[in-house]
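Chemist: The structure under discussion is supplied below as structure tokens; questions concerning it will follow.
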There are 2 protein chains.
Amino acid sequence: MKRNFFSWSTLVAVALFTTHVNMNADATKSAEDLVKKAKEAGLVAIPDDTQAVEKLVDNPKNPINKAKLDLGLKLYFEPRLSKSALISCNTCHNLATGGVDGVSAAIGHKWTANPHHLNSPTVYNAVFAKRQFWDGRAPDLEAQAQGPLQAAPEMAISKEMAVKRIASMPEYVEMFKAAFGDEKITFKRIADAIGAFERTLVTPAPLDKFLQGDEKALTSAQKEGLKVFIDKGCASCHNGIALGGSMQKFPAVKPYKYADIGDFKGDKEGRVKVPTLRNILETAPYYHNGAVWDIKEAVKIMGETQLGVELTKDEISSIVTFFTALKGRKPVVVYPVLPASTAKTPKPDAN
Amino acid sequence: MKRNFFSWSTLVAVALFTTHVNMNADATKSAEDLVKKAKEAGLVAIPDDTQAVEKLVDNPKNPINKAKLDLGLKLYFEPRLSKSALISCNTCHNLATGGVDGVSAAIGHKWTANPHHLNSPTVYNAVFAKRQFWDGRAPDLEAQAQGPLQAAPEMAISKEMAVKRIASMPEYVEMFKAAFGDEKITFKRIADAIGAFERTLVTPAPLDKFLQGDEKALTSAQKEGLKVFIDKGCASCHNGIALGGSMQKFPAVKPYKYADIGDFKGDKEGRVKVPTLRNILETAPYYHNGAVWDIKEAVKIMGETQLGVELTKDEISSIVTFFTALKGRKPVVVYPVLPASTAKTPKPDAN
């Protein structure tokens with residue numbers, strides 16, 4: 001009965017095993033191809049090691065140090081940096097809710113909606129954008145931070161008042177000294193500390209692991225979605241580490257159906273900052289005017305206005321499945337205890 | 001020369017040593033007396049060990065468990081529990097700023113100030129108050145939490161909408177199941193989870209160590225302040241663990257000079273909840289109507305309206321120095337990442 005040692009079942013098992021190995025080899029090959037394709041399309045991973053990330057996000061004009069990050073964290077959550085003492089950076093760029101406020105148009109001082117009906121972009125991964133604000137008017141986060149602090153419908157504080165408030169608290173004076181080398185408190189330094197903190201708000205996601213070679217980091221459906229995303233041309237604007245962040249003509253091909261909500265038309269050349277797609281499923285509503293709540297509708301409109309294609313329902317679903325691979329791990333933030341106001345601290349003004 | 005062994009200098013040294021020992025003994029005796037005096041005046045320490053605190057703050061009708069605290073933390077910071085999706089419990093009871101908003105009258109939905117010009121009391125150590133709200137109408141934190149959620153000038157959400165919003169997010173459904181044993185989400189359970197979390201917001205301070213027998217926990221000036229505080233009668237209302245928290249006639253002896261700010265007159269018997277003095281130097285402005293920014297003025301007025309005494313400047317300073325011994329260690333709170341809204345989540349409504 002020795003001949004039966006190689007039984008049919010064994011042969012079948014060997015065949016199955018070989019197929020399995022081949023399938024694995026195929027899968028690996030296909031994953032490698034997809035990574036190559038994604039990289040060629042301009043997708044870039046957030047580096048795996050912390051030091052590389054720190055180097056990447058640092059601003060030579062505002063170098064990060066531990067003391068500056070401690071200070072920046074406090075100032076990010078500091079409501080006394082608004083005229084009313086009720087609104088902080090975190091009010092509209094809430095780290096608990098995807099780095100946004102989740103409303104169509106930002107609402108600030110005296111419950112005023114953004115006069116252009118502009119939606120608050122997420123602060124997470126904003127460091128990877130080439131420009132800041134929807135019209136790209138600020139070159140970096142430090143410059144951006146100066147805007148909402150002063151804007152009348154946002155935090156509505158004057159430079160002088162911001163400095164007076166912060167400088168009235170000895171604990172802050174010490175912190176500025178530690179962060180900047182001397183205890184001079186200026187409006188620019190306030191924004192610089194906030195900007196430094198914001199630079200650390202980076203959220204590595206399954207896509208990063210995949211781009212770094214871990215083929216199992218994405219499910220088959222996510223991989224399929226990534227393929228569709230690239231094949232349809234989405235990555236022509238949504239690329240780089242942010243999968244977004246550059247200035248692009250909008251709308252490019254066909255009119256935007258909600259263009260009449262608010263009066264924002266982009267920069268002088270009609271260009272609008274491309275939103276990051278990282279954590280996109282947490283940052284509804286979408287578009288500069290927050291007109292679209294449904295991510296599927298948002299993708300459909302993008303196909304029409306930017307690519308001139310009518311995406312099928314399956315393609316849209318597949319792209320949205322890919323977005324689940326962009327949900328990132330949020331940095332752990334210990335909610336700060338802020339210095340107590342002193343007799344010298346200028347009082348809140350709700351008007 | 002053996003006689004010189006006991007030299008004058010040795011004798012002086014011995015004398016000085018004896019005096020030192022006596023002084024230490026005196027100091028210890030006097031500290032023990034002060035602790036006794038403080039305890040007799042009704043001051044009570046927050047227990048030293050965590051288990052004792054947990055037992056003390058627990059509510060048999062809403063027992064604390066880890067899952068409920070995790071949920072309560074998220075709900076405490078959850079802006080979607082307000083109609084606008086912009087205001088959370090933490091907006092007015094900000095854990096970063098002494099558990100308060102630091103404005104005279106709370107400002108909520110549509111930038112509406114509290115119609116009675118009521119000031120937001122601190123959430124820290126609120127668990128130790130006998131009643132909740134300035135008029136004491138709620139028996140506990142769970143009952144209190146239901147109020148601001150629904151109040152039109154605060155979070156302005158209906159019970160139904162609060163439940164709909166939370167129940168629309170599967171992650172919350174799971175958390176309710178873990179916290180309450182089944183996944184039923186009710187308005188009461190939302191408030192109960194928030195209340196449970198608030199029960200843990202306890203801030204042990206130098207006074208507690210002193211009452212537990214560490215005579216060095218307070219400086220001489222703080223001890224002197226404590227003596228004045230007791231001798232003048234402050235502890236007749238500001239007692240218990242909270243150094244406050246009971247309902248007392250206000251004003252008791254003389255009229256309150258800022259009584260015309262707002263229309264609040266206390267409960268039916270003209271009684272007002274005594275604010276806790278813990279962290280009092282972080283919770284300006286003072287009084288139910290937030291009319292007083294200067295703690296020294298607040299103490300002076302208290303002497304007049306409640307005790308019928310004209311406190312001297314030195315006495316007031318001394319009492320305020322004692323208050324520095326009430327600055328407590330805040331619990332470490334990791335800022336939560338909240339569940340993402342879904343297609344089923346009712347939209348924010350800023351109107």
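Chemist: What accessible area per residue comes out for segment B:52-198, rounded to a whole number of Å², with a 1.4 Å probe?
Modeler: Values: 5320 Å² over 147 residues.
Averaged over the residues of segment B:52-198, the accessible area is 36 Å².
Chemist: Nm distances between the label at B:Asp267 and the same-position labels in the remaining copies, 7 Å along Cα→Cβ, shortest first?
Modeler: 6.3
Chemist: Among A:Gly72, A:Tyr286, A:Gly233, pick out the residue whose Cα is farthest towards the positive end of the charge dipole of chain A, where Lys and Arg carry +1 and Asp and Glu carry -1 on C-beta, about the Cα centre.
Modeler: A:Gly72
Chemist: Per-residue accessible area for B:Leu218 at 1.4 Å probe radius, Å² rounded to 10?
Modeler: 10
Chemist: Between B:Ala113 and B:Ser236, what is the FRET efficiency for a Förster distance of 51 Å, r being their Cβ-Cβ separation, to the nearest 0.05?
Modeler: 0.95
Chemist: When only Cα pairs under 8 Å and 6 or more residues apart are kept, what is the percent relative contact order across segment A:52-198?
Modeler: 31
Chemist: Taking +1 at the Cβ of each Lys and Arg and -1 at the Cβ of each Asp and Glu, which of A:Pro139, A:Phe180, A:Ala191 sits farthest along the dipole of chain A towards its positive end, judged by Cα position relative to the Cα centre?
Modeler: Sorting the options by dipole projection puts first A:Phe180.
Chemist: Tell me, how many Å apart are the Cα centres for segment B:266-285 and for segment B:59-103?
Modeler: Each part's Cα centre sits 20 Å from the other's.
Chemist: So if I place +1 on the C-beta of Lys and Arg and -1 on the C-beta of Asp and Glu, and nothing else carries charge, what would the dipole magnitude of segment A:194-351 be about its Cα centre? I want it in debye, nearest 20. Don't jump to the answer; show the numbers that get you there.
Modeler: Working: 22 positive and 18 negative charges, 82 e Å.
Charge dipole, segment A:194-351, about its Cα centre: 400 debye, nearest 20.
Chemist: Related question: Enter the Cα centre distance for the pair segment B:223-260 and segment B:298-337, rounded to the nearest angstrom.
Modeler: Spelled out, the Cα-based centre of one part sits 10 Å from the other.
Chemist: I want to check the label-to-label distance for A:Ser246 and A:Lys344. Put each point 7 Å from Cα in the C-beta direction and report it in nm to one decimal.
Modeler: Placing both labels 7 Å beyond Cα along the Cβ direction yields 5.0 nm.
Chemist: Accessible surface of B:Cys89 in the full protein assembly, 1.4 angstrom probe, to the nearest 10 Å²?
Modeler: 20
Chemist: Sorted by accessible area (1.4 Å probe), largest first, how do B:Val173, A:Val334, A:Val57 line up? Don't skip to the end; give the middle numbers.
Modeler: Values: B:Val173 30, A:Val334 65, A:Val57 5 Å².
Output order, biggest surface exposure first: A:Val334, B:Val173, A:Val57.
Chemist: In whole percent, what relative contact order does chain A give with Cα contacts below 8 Å and a gap of six or more residues? All intermediate terms of the calculation are to be shown ahead of the outcome.
Modeler: On the way: 606 pairs, mean separation 83.1, N = 351.
Result for chain A is 24 percent.
Chemist: Let me ask you something else. Using the Kirkwood radius over Cα pairs, work out the Stokes-Einstein diffusion coefficient for chain B at 25 °C and 0.890 mPa s, in µm²/s as a whole number.
Modeler: The diffusion coefficient I find is 110 µm²/s.
Chemist: Express in nm, to one decimal, how much length is gained between A:Glu54 and A:Asn351 on full extension, taking 0.36 nm for each residue of separation and deducting their alpha carbon distance. Mind showing how you got there, number by number?
Modeler: Working: separation 297, 0.36 × 297 = 106.92 nm, distance 4.07 nm.
Length difference between fully extended and current span is 102.9 nm.
Chemist: Can you tell me which aspartates and glutamates have their Cα less than 13 Å from the Cα of A:Lys257? Leave out same-chain residues fewer than eight positions away.
Modeler: In chain and number order, the partners are A:Glu297, A:Glu304.
Chemist: Hey, in the GNM for chain A with a 10 angstrom Cα cutoff, which one of A:Asn59, A:Asn125, A:Asn279 fluctuates hardest?
Modeler: Comparing A:Asn59, A:Asn125, A:Asn279 in a Gaussian network model of chain A, the most mobile one is A:Asn59.
Chemist: Ok, one more. More than 51 angstrom separation, counting every C-alpha pair in the protein assembly as shown; what % is that?
Modeler: Tail of P(r) above 51 Å: 23 percent of Cα pairs.
Chemist: For the pairing of chain B with chain A, what total accessible surface becomes buried, with a 1.4 angstrom probe, in square angstrom to the nearest 100?
Modeler: In total, chains B and A hide about 2800 Å² from solvent.
Chemist: Which of the aspartates and glutamates could a cross-linker span from B:Lys347 if the Cα-Cα distance has to be under 16 Å and same-chain partners fewer than 8 positions apart are dropped?
Modeler: The reachable aspartates and glutamates, counting only those whose Cα sits under 16 Å from B:Lys347, are A:Asp101, A:Glu282, A:Asp294, B:Glu78, B:Glu160.
Chemist: Next question, about the same structure. Past the 21 Å Cα-Cα mark, which pairs from B:Lys74/B:Lys184; B:Lys66/B:Lys184; A:Lys223/A:Lys313; A:Lys227/A:Lys327; A:Lys265/A:Lys296; A:Lys159/B:Lys330?
Modeler: Beyond 21 Å: A:Lys265/A:Lys296; A:Lys159/B:Lys330.
Chemist: Right, here's the next one. Specify whether the C-alpha gyration tensor of segment A:137-252 places it in the rounded, prolate or oblate class, a ≥ b ≥ c being the square roots of the eigenvalues: rounded for a/c under 1.5, otherwise prolate if a/b is larger than b/c and oblate if not.
Modeler: Taking the square roots of the gyration eigenvalues as a ≥ b ≥ c, segment A:137-252 is prolate.
Chemist: Pick out which of B:Lys36, B:Lys83, B:Lys68 has the largest mean-square fluctuation in a Gaussian network model of chain B, springs linking Cα atoms closer than 10 Å.
Modeler: B:Lys36
Chemist: Sticking with this structure for a sec: From the helices alone, meaning DSSP H stretches of at least four residues, give me the mean residue ellipticity at 222 nm for the protein assembly as shown, per-run term -39500 (n - 2.57), in deg cm²/dmol to the nearest 500.
Modeler: Only helices count here, giving -12000 deg cm²/dmol.
Chemist: Related question: Once label points are set 7 Å from the Cα along Cα→Cβ at both A:Lys177 and B:Ser317, what is their separation, rounded to one decimal in nm?
Modeler: Roughly 2.5 nm, to one decimal.
Chemist: A further question follows. Take the Cα of A:Lys296, step 7 Å along the line toward its Cβ, and report every residue of segment A:320-351 whose backbone nitrogen sits under 13 Å from that point.
Modeler: Only A:320-321 pass the distance filter.
Chemist: Given H placed on each backbone N at 1.01 Å, which residues far from A:Val292 in sequence or on other chains put an amide H within less than 5 Å of it?
Modeler: Long-range HN contacts for A:Val292: A:Tyr286.
Chemist: Another one. In whole angstrom, note down how far apart the Cα centers of segment A:187-207 and segment A:120-167 are.
Modeler: 12
Chemist: Let me ask something else. Count, for each residue of B:104-117, the Cβ atoms from other chains sitting within 10 Å of its Cβ, then give me the mean as a whole number.
Modeler: 2
Chemist: For B:Trp111, A:Trp134, write out the residues from largest to smallest accessible area, computed with a 1.4 angstrom probe and no ligands counted.
Modeler: B:Trp111, A:Trp134
Chemist: Let me ask something additional. Accessible area of A:Met161, 1.4 Å probe, to the nearest 10 Å²?
Modeler: Its heavy atoms expose roughly 60 Å² to the probe.
The values are calculated or read from the model by the stated rules, or taken from the named source; none is laboratory data. What you see is a predicted model, and the numbers here were worked out from it, not measured in a lab. Positions of Cβ are generated from backbone atoms using ideal geometry, with glycine treated the same way; all protein chains shown enter the neighbour counts. Ligands, DNA and RNA are excluded from the accessible area calculation, which covers all protein heavy atoms including side chains. Shrake-Rupley method; radii C 1.70, N 1.55, O 1.52, S 1.80 Å.
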